[in-house]
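*Asks:* Dropping a structure here in structure tokens format, bear with me for questions.
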Amino acid sequence: MPATRFAPSPTGYLHLGHAYSALTGWQMARAHGWRWLLRIEDIDRARCRPEFTDAIFEDLAWLGLDWERPVRVQSEHMAEYEAALGRLQDMELLYPCFCSRREIRAEVAAISGAPHLWNGADGPVYPGTCRGLSPDERDTRKAVGVAFALRLDVAAALRQTGPLTWCELGEGALPARPELLGDVVLARKDIPTCYHLSVTVDDARQDITHVVRGQDLKAATPVHRLLQALLGLPAPVYHHHPLLAGPDGKRYAKRDHALTLRSLREAGNSPAEVAAMTGVPVEA
Ligand code: GLU
């Protein structure tokens, strides 16, 4: 049976933007007879807190949503991400990167004349500094304990897969150009996985056929498509919905404390009133 999912990170309380995303997927699932699954994306142990996970369950249930148990919690599946990483390593598609964010920014700034491309997530497109390090140089740095991330050599990966497309609902097949994001990090210095790898492995493990999520993640989808092709995983169809904006035109974010679902609830709003604020038409 087709399935979609809602995959929040427990780094704060859910806000109206989350409710919009959850209700959009939920409505699509109900309209088409799909499963609607929940996943807790908590690989970043420093930013995630168990009380926010509990609050996610409580707030979604209050909104009137229900989901299958057990819920997939990413921090319980680190061995699976490690195994995926091992496969990519065996394919010789990963390399250690010893750069700090500051070094990357400085290096990118020094490349004059070239447009500074943003990788869609947390910084400029990586200029490839560590890609060409010799095995000896890598060993030396590791031996003295320099922390390193593992990056995907995207050009080498694309040579193995050939050109790829991915499917956005309503737009059909789109060319996947993961090279626009550069050699993304697949294992962070502090965590032996990353968002891209975990989300790709999990969508396959949970048999997700339709990924419904915010527009802000559309740019990352070609990377997910590339990882699916490399790891032999099925490719879901995607629906990237617009991000809900407040009356001031700004999208909701975790800083908008007043608009957390629990504060709206405490202010006396009913679940139906909160659903109406998102604009998602929810059938009774
Ligand atoms: N955990 C991500 C977030 O909270 C969503 C990931 C996804 O839907 O692919 O923004």
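Taken together, the values in this text are just the output of simple stated rules run on the coordinates, not laboratory data. No experiment lies behind these values; they were computed from the predicted model shown. Here the Cβ positions follow ideal geometry from the backbone for every residue, glycine too, while neighbour counts run over all protein chains shown.
*Asks:* Take the residues in the stretch 1-18 that are more than 13 Å from the ligand (Cβ to nearest atom) and outside any loop (DSSP other than H, G, I, E, B), then tell me which one is surrounded by the most Cβ atoms within 10 Å (Cβ to Cβ). Give the derivation first.
*Replies:* Kept after step one, since they are more than 13 Å from the ligand (Cβ to nearest atom), are these residues of the stretch 1-18: 1-3, 16.
If we keep only those that are outside any loop (DSSP other than H, G, I, E, B) as well, we get 3, 16.
Details: Ala3: 18, Leu16: 21.
Once the filter is applied, the top-ranked residue is Leu16.
*Asks:* So, one more: Given the condition among the hydroxyl-bearing types (Ser, Thr, Tyr), within 21 Å of the chain's Cα centre (by Cα) and within 27 Å of Arg69 (Cα to Cα), answer yes or no: does some residue in the stretch 236-245 qualify?
*Replies:* Taking the stretch 236-245 and keeping what is among the hydroxyl-bearing types (Ser, Thr, Tyr), we get 238.
Imposing the further condition that a residue be within 21 Å of the chain's Cα centre (by Cα) reduces the set to 238.
Adding the requirement that they be within 27 Å of Arg69 (Cα to Cα) leaves 238.
There is at least one residue in the stretch 236-245 that is among the hydroxyl-bearing types (Ser, Thr, Tyr), within 21 Å of the chain's Cα centre (by Cα) and within 27 Å of Arg69 (Cα to Cα).
*Asks:* Within the stretch 231-238, is even one residue farther than 27 Å from Arg30 by Cβ and touching a residue at least 24 places away in the same chain (Cβ under 8 Å)? Write out each step before concluding.
*Replies:* So in the stretch 231-238, the residues farther than 27 Å from Arg30 by Cβ come out as 231-232.
From what's left, touching a residue at least 24 places away in the same chain (Cβ under 8 Å): 231.
The answer is yes, given that some residue of the stretch 231-238 is farther than 27 Å from Arg30 by Cβ and touching a residue at least 24 places away in the same chain (Cβ under 8 Å).
*Asks:* Hand me the list of strands (runs of 3 or more DSSP E) wholly inside the stretch 173-281 holding 1 or more residues that are among the small types (Gly, Ala, Ser) and at negative phi.
*Replies:* On the way: elements: 185-187, 210-214, 237-241.
Output list reads 185-187, 210-214.
*Asks:* Out of curiosity, is Ala22 within 11 Å of the ligand (Cβ to nearest atom), touching a residue at least 40 places away in the same chain (Cβ under 8 Å), farther than 16 Å from Arg205 by Cα and out of contact with any Cys (no Cβ under 8 Å at 6 or more places or on another chain)? I'd like the intermediate steps shown before the answer.
*Replies:* Working: within 11 Å of the ligand (Cβ to nearest atom): yes; touching a residue at least 40 places away in the same chain (Cβ under 8 Å): yes; farther than 16 Å from Arg205 by Cα: yes; out of contact with any Cys (no Cβ under 8 Å at 6 or more places or on another chain): yes.
The answer is yes for Ala22.
*Asks:* Can you tell me which condition Glu179 does not meet? The list is (1) out of contact with any helix residue (DSSP H, G or I) (no Cβ under 8 Å at 6 or more places or on another chain); (2) away from the ligand (no atom under 16 Å from the Cβ), and all the others hold.
*Replies:* Looking at each condition in turn, Glu179 falls short on (1).
*Asks:* Right, here's the next one. How do the pairs read when you match residues in the stretch 200-226 that are closer than 13 Å to Arg35 by Cα with residues anywhere that are more than 9 Å from the ligand (Cβ to nearest atom) and charged (D, E, K, R), using Cβ under 7 Å and keeping only pairs 6 or more apart or on different chains?
*Replies:* Gln206/Arg72
*Asks:* With the requirement that a residue be assigned to a strand (DSSP E or B) and among the hydrophobic types (A, V, I, L, M, F, W, C), what does the stretch 154-172 give you? Walk me through how you get there before you give the answer.
*Replies:* Keep residues of the stretch 154-172 that are assigned to a strand (DSSP E or B), which gives 164-168, 172.
If the condition is that a residue be assigned to a strand (DSSP E or B) and among the hydrophobic types (A, V, I, L, M, F, W, C), then Leu164, Trp166, Cys167 are the ones that fit.
*Asks:* Starting from residues that are over 22 Å from Phe148 (Cα atoms) and in contact with an Asp or Glu (Cβ under 9 Å, 6 or more places away or on another chain), keep the ones in the stretch 191-208 and report whichever is farthest from the ligand (Cβ to nearest atom).
*Replies:* Arg205
*Asks:* Moving to a separate point now. Trp34 - would you say it is of a type in the set (A, V, I, L, M, F, W, C) and crowded, with 19+ Cβ neighbours inside 10 Å? Write out each step before concluding.
*Replies:* Details: of a type in the set (A, V, I, L, M, F, W, C): yes; crowded, with 19+ Cβ neighbours inside 10 Å: yes.
The answer is yes for Trp34.
*Asks:* Okay, next question. Which of the numbered conditions does Phe52 fail, given that it passes all the others? Conditions: (1) within 16 Å of the ligand (Cβ to nearest atom); (2) surrounded by fewer than 17 Cβ atoms within 10 Å (Cβ to Cβ); (3) not charged (D, E, K, R).
*Replies:* The number of the failed condition is (2).
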